[in-house]
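Student: Quick one: structure below, then a few questions.
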2 protein chains.
Amino acid sequence: MGKYCFGVDLGGTTVKIGLFSPKGEVLEKWEIPTRTENGGTNILPDIADAVQAKMKERGIAREEVIGVGIGVPGPVDDAGMVYRAVNVGWGVFNINETLGGLLGVPVKAGNDANVAALGEMWCGGAKGYKDIVLATLGTGIGGGIISNGKIVTGSRGAGGEIGHMHLVDDEPDACGCGNHGCFEQYGSASGIVRLAKRRLAVSKEDSVLRSAQEQDALSAKAVFDAVKEGDKVACEIAEEFGAYLGKGFAVIAAVVNPEVFVIGGGVSKAGEILFDYIAKNYEKYAFHACQNVTFKLATLGNDAGIYGAAKLVLE
Amino acid sequence: MGKYCFGVDLGGTTVKIGLFSPKGEVLEKWEIPTRTENGGTNILPDIADAVQAKMKERGIAREEVIGVGIGVPGPVDDAGMVYRAVNVGWGVFNINETLGGLLGVPVKAGNDANVAALGEMWCGGAKGYKDIVLATLGTGIGGGIISNGKIVTGSRGAGGEIGHMHLVDDEPDACGCGNHGCFEQYGSASGIVRLAKRRLAVSKEDSVLRSAQEQDALSAKAVFDAVKEGDKVACEIAEEFGAYLGKGFAVIAAVVNPEVFVIGGGVSKAGEILFDYIAKNYEKYAFHACQNVTFKLATLGNDAGIYGAAKLVLE
């Protein structure tokens, strides 16, 4: 068996690359720019060059490389078919074969959010678990689901697209996807800001969040910091936010029954105080057989993608 | 490799048993009663006796038996731990080890609804697919989810418990599970009867369903038969029923992105006309990457369990 594997996390601006041992030690990590021009045709050759240059620099023979895993910002199926990745200009093709052909080593690709979940399971907040849901609460909600240690890819790589799960009827605002009432309209970093603005607009109470709003500094962290200080409006916002997240997670649990929900993204900066608000609402809506669940914070941050990508080729 | 496998479907009244070839031919099937008295302690010895008697009768040696799969009416994890099966009186124990010990051949257990999904994938309505959701619309909604050919068991065997997914806020009636607003309160055979009664109570329109109601014969089939005759109230009920099912399936799709939804249970007797009502609502609520989905009728009926159980030991 080889001694090394590479994990690649392809983003719209940069490509993160990590060189790993099979035990999950990151031996080195670095970045190269993502050249999205010309339909992203330079991206895979750039990645191949970067990987091969590193192998040469460290004197790593091809036989010592178990493989190269890559997380892609778009749907990818289990055979490596990329269906569309608008952020990097890609259409439909098989990335496992294309990048594998350039490198001469096995390549395995996955959707970036799914791959991040695998990373958190391997070396992060969900270490030791095998049925997990990673919810990355940022601008939207990225999701990754692992069932019995394997990514739930879905038929077109759209497994774990929990941000676009319908949660609320009669929502007047459209989600980025065009639908109305998606989970990420409420449970994301943008969602809590939206809820906070709505609440501040109708409340007559004084609140430290009013000055935060004036300074354009409303965030999950600002809300939960204010909660810790006993701010009444902040507590109401936290309750509402927790109700949406708890309900959404309960719905997901009835489908895949995870042991642990791992929370990442900007919202996770609020810390474990989040869990109180989520858990009590989760318990209210979850099926009894799904009650036995743990909430954890993601721990790998922006490195979850390279960890999970490396793990892809170790399976 | 062995030439035979057994599939066992344990119900509260009878145990169905099938003898299969590894290709999915059912060579023989029969039933024995389920003796639930004394905490169900006779059930596994009865099953072992029935299997061994059949082996003796047919001159099948133990080495020729690949294994015995069994579907259990309750949560079972991937290691064979049964957490509770109230219909048969069982508490917590490892069924794989217990029945395997009695038989001297490998035993693999799963939850009955999940196992039925595997059966439909192997030899039924979902043959040829590998990412499927089986929704058995009967008294409740039983669910089974297959991701890349494998059952999504969940951490405590409650994967696919889609009947208890929260779907509707402010439902006054309680679900059998104690929560309010579960999917099965609307999308099951009982659900459509409930919707029909509510609609008939508020509607002033004439309808063939009024005499059906008087004869206690309201059902999904009665509603959709009336739809085919152009009955206005029946059409309204079908629309409402389809809206709940379409929305619920869209939610599930955002989590696991199946290729196909297979519909079984009493509601499926209404036939493919169901799909029109489900599909248009599914399209309204589903994320764009999950739109490419097929609806199929289950084809194995009450035999789905023995097929799926047999398939468990072939994996």
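Student: Say R0 is 51 Å: what FRET efficiency, to the nearest 0.05, do residue A:205 and residue A:315 get from their beta-carbon distance?
Tutor: 0.45
Student: So, one more: Smallest Cβ-to-axis distance in chain B, for the rotation taking B to A: which residue, how many Å?
Tutor: Nearest Cβ to the rotation axis, residue and whole-Å distance: B:255, 2.
Student: As a test, work out the antiparallel percent of DSSP beta bridges whose residues both lie in chain A, rounded to the nearest 5.
Tutor: Taking every DSSP beta bridge within chain A, about 55 percent pair in antiparallel fashion.
Student: If you take each beta carbon of peptide B:138-148 and count the beta carbons of other chains within 10 angstrom, what is the mean?
Tutor: Mean partner shielding for this stretch: 3.
Student: Let me ask something else about it. Inter-copy label distances at residue A:30, 7 Å along the Cα→beta-carbon direction, one decimal in nm, shortest first?
Tutor: Listed shortest first, these distances are 7.1 nm.
Student: Measure out, as a whole number of angstrom, how far apart the alpha-carbon centroids of region B:184-219 and region A:231-304 sit.
Tutor: Their Cα centres are 38 Å away from one another.
Student: By average Cβ neighbour count within 10 Å, what is the ranking of A:216-222, A:75-81, A:110-116, A:307-313 from highest down?
Tutor: Result, highest mean first: A:110-116, A:307-313, A:75-81, A:216-222.
Student: Determine the gain in length on full extension of the stretch residue B:139-residue B:288; use 0.36 nm per residue of separation and subtract their C-alpha separation, reporting nm with one decimal.
Tutor: 50.5 nm
Student: Tell me, what is the percent relative contact order of chain A, built from C-alpha pairs under 8 Å that lie six or more residues apart?
Tutor: RCO, chain A: 21 percent.
Student: Sort shortest first the distances from residue B:173 to its counterpart in every other copy, using label points 7 Å along the Cα-to-beta-carbon line, and give them in nm.
Tutor: Those label-point separations list as 3.6 nm.
Student: Partner chain Cβ atoms within 10 Å, averaged over the residues of A:262-272 - can you pull that number for me?
Tutor: Average per residue, whole number: 0.
Student: Evaluate peptide B:164-175: per residue, the Cβ atoms of other protein chains within 10 Å of its Cβ; return the mean as an integer.
Tutor: That average works out to 3.
Student: So, one more: May I ask you to list the residues of region A:200-225 whose amide nitrogen lies under 16 Å from a point 7 Å from Cα along the Cα→beta-carbon direction of residue A:235?
Tutor: Under 16 Å, as judged by backbone N against the label point of residue A:235, lie A:204-209, A:223-225 of region A:200-225.
Student: Which links in A:23/A:280; B:232/B:284; A:54/A:311; B:150/B:296 stretch past 27 Å when you go from one Cα to the other?
Tutor: A:23/A:280, as the Cα separations exceed 27 Å there.
Student: While we're on this one: What residue among B:51, B:168, B:262 shows peak mean-square fluctuation when chain B is described by a Gaussian network model with Cα springs under 10 Å?
Tutor: For chain B, modelled as a Gaussian network with Cα springs under 10 Å, the answer is B:168.
Student: Next question, about the same structure. With a ≥ b ≥ c the root eigenvalues of the C-alpha gyration tensor of region B:1-56, is it rounded (a/c under 1.5), prolate (a/b larger than b/c) or oblate?
Tutor: Judged from the Cα gyration tensor, region B:1-56 comes out prolate (a/c at least 1.5, a/b above b/c).
Student: Sorted from shortest, what are the nm distances separating the label point of residue A:203 from equivalent points in the other copies, each placed 7 Å from Cα along Cα to C-beta?
Tutor: 4.6
Student: I need two numbers for region B:127-299: Rg to one decimal and Dmax as a whole number, Cα atoms only, in Å.
Tutor: 15.9, 50
Student: Can you tell me what percent of all Cα-Cα pairs in region A:185-245 are more than 15 Å apart?
Tutor: Across region A:185-245, Cα pairs with separations above 15 Å total 38 percent.
Student: How far apart, in nanometres, would the label points at residue A:215 and residue A:168 be if each is projected 7 angstrom from Cα along the Cα-to-Cβ direction?
Tutor: 2.7 nm
Student: Quick one: divide the alpha-carbon radius of gyration of the protein assembly as shown by 2.2 N^0.38 Å and tell me what you get.
Tutor: Scaled against compact globular proteins, the figure is 1.02.
Student: If N is the number of residues in chain A, what value comes out of its Cα radius of gyration divided by 2.2 N^0.38 Å?
Tutor: Its radius of gyration relative to the 2.2 N^0.38 Å reference: 1.05.
Student: Taking a virtual spin label 7 Å from the Cα of residue B:27 along the C-beta vector, which residues in region B:42-68 bring their backbone nitrogen under 14 Å of it?
Tutor: Residues B:51-68 fall inside that zone.
Student: Separation between the residue A:92 and residue B:92 pseudo-spin-labels, each 7 Å from Cα along Cα→Cβ, expressed in nm?
Tutor: Using points 7 Å along Cα→Cβ, the separation is 4.9 nm.
Student: Nearest 5 percent is fine: what portion of the DSSP beta bridges confined to region A:127-299 is antiparallel?
Tutor: Among the beta bridges of region A:127-299, antiparallel pairing accounts for roughly 50 percent.
Student: Which percentage, to the nearest 5, of the DSSP beta bridges contained in the protein assembly as shown is antiparallel?
Tutor: Roughly 55 percent of the DSSP beta bridges within the protein assembly as shown come out antiparallel.
Student: Express the C-alpha Rg of region A:29-108 as a ratio against the empirical globular expectation 2.2 N^0.38 Å, rounded to two decimals.
Tutor: Rounded to two decimals, the normalised Rg is 1.10.
Every number here is computed from the coordinates shown, using simple stated rules; none is lab data. Predicted model only: the values in this text are computed from it and were never measured. Heads up, the Cβs are rebuilt from the backbone with ideal geometry, glycines too, and the neighbour counts pull from every protein chain shown.
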